1. Contact list please: Cβ distance under 7 Å, first residue in region 74-96 and closer than 17 Å to LEU62 by Cα, second residue part of a helix (DSSP H, G or I) and hydroxyl-bearing (Ser, Thr, Tyr), pairs at least six apart or on different chains.
2. Filter region 6-59 down to residues that are of a type in the set (Asp, Glu) and surrounded by 19 or more Cβ atoms within 10 Å (Cβ to Cβ), then give me how many there are.
3. Take ASN259 and tell me if it is over 19 Å from the mean Cα position of the chain (by Cα) and at pLDDT 95 or above.
4. Residues that are of a type in the set (Phe, Trp, Tyr) and farther than 30 Å from LYS230 by Cβ: find the helices (runs of 4 or more DSSP H) completely inside region 260-379 holding 2 or more of those.
5. Can you report the number of residues in region 1-51 which are among the aromatic types (Phe, Trp, Tyr) and within 17 Å of PRO73 (Cβ to Cβ)?
6. Out of (1) under 27 Å from the mean Cα position of the chain (by Cα); (2) closer than 24 Å to LEU164 by Cα, the odd one out for GLY98 is which?
7. When the residues of region 154-194 are narrowed to those that are touching a Cys at 6+ places or on another chain (Cβ under 9 Å) and assigned to a loop (DSSP other than H, G, I, E, B), which ends up surrounded by the most Cβ atoms within 10 Å (Cβ to Cβ)?
8. Only one of (1) among the aliphatic types (A, V, I, L, M); (2) surrounded by fewer than 20 Cβ atoms within 10 Å (Cβ to Cβ); (3) not in a loop (DSSP other than H, G, I, E, B) is not met by ALA84, so which one is it?
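The values are calculated or read from the model by the stated rules, or taken from the named source; none is laboratory data. Keep in mind the model is a prediction, meaning the values are calculated, not measured. Cβ coordinates were reconstructed from backbone atoms using ideal geometry, including for glycine residues, and neighbour counts include every protein chain displayed.
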Amino acid sequence: MYQPEDSMGDTPLGWAASNGHEEVVKLLLGRDDVDPNKPNVEGQTPLWGAVSGGHLGVVEILLGRNDVDPSKPREDGMTPLWWAARCGHERVVRILLGRDGVDPDMADGYGLTPLSWAACNGHEGVVKMLLGRDDVDPDGPNKHGKTPLWWAALCGNEGVVKILLGQDDVNPDKLVEDGKTPLWWAARCGREGVVRILLGRGDVNPDMADEYGQTPLSWAACDGHEGVVKLLLGRGDVNPDGPDNYGRTPLSWAACSGNEEVVKLLLGRDDVNPDRPDKKGKTPLSWAACCGHKGVVKILLRRDDVDPDKPDNQGRTPLSWAASHWSGKVVRLLLRRGDVNPDRPDNYGQTPLWWATQNGYAEVVGPLQSPRFAANGAA
């Protein structure tokens, strides 16, 4: 057979198809010793190569033959239709869907269908074409329970989300295996538009927690998505102070991550306890001090209902945590307070100075040795 191959198993026909050279493809297909279905080492056929490049003319030439398999997958299970849908090649998708023997709902090795990939990449035209088929499951999950809507929400593709939600058989609140809904992921990723769309549905629980008890609000607060936080706080069915399985509230997560604007939003609520400890006894102030977030520490210290010297279950105070994590600026802020004991030991007798010396933090040791000087010095 006239099919010399390179080191990857690609034939002249494979290369011509991948690069869109229609006349060369016709010449090669005119030979009796050329196999139009011959794959390379990855299982990629000439048709697959033409589809991946969006070469409509070559696709039409190849599919005009009776001996070309329109649905032959690569080694990883990806079919020509799968790739065309992923890349948004609408005309190629239309041609492939018109061929017998093409399964429009065939998943790859990871359980992702053409619809899931089109939804993930925001290809609205392809999504509409696939949804027009009776043999495509619009809510079909992969092996981890992730549906096309889940992918569209994760990637922030608002148009696709609207299209999918227009399907009666799409569950907008479907859980994946770890208890996370499309709204949960949209909130965590800061997809404000998608969050707004999903919150407009009466069949979406805006306060649904995952397996760790963390709600969409908790994650939006943790990751600093201010717009999403505002949307969720505008709901009467979202608990702004709800603890997760570790006792941590949205404020605790926002303080730990240093998200000052989100902290302000949460503290503006009457139903948020600014000094609520988690199951380990750590307050939002302790978390902010531990992580060195001076701005959040300042905000919390302005509150009369925040104890700046509150110990956790180990007896460690915000100052102790700041001293052990090289947070010199936070240490100075806390030492300016008259109600913070710089020598307070934890349950093991270890003081803030002990923690600073143990870790070799000279920047912290100095102020702790001279608290009065620190109180009058620069922040």
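1. Filtered contacts from region 74-96: TRP83/SER52.
2. Qualifying residue count for the region: 1.
3. So ASN259 does not fit the description; no.
4. Answer list for region 260-379: 352-359.
5. Here is the first cut: in region 1-51, the ones among the aromatic types (Phe, Trp, Tyr) are 2, 15, 48.
Right, trim to within 17 Å of PRO73 (Cβ to Cβ) and you get 48.
So the answer is 1.
6. The number of the failed condition is (1).
7. ARG191
8. Only one criterion is unmet by ALA84, namely (2).
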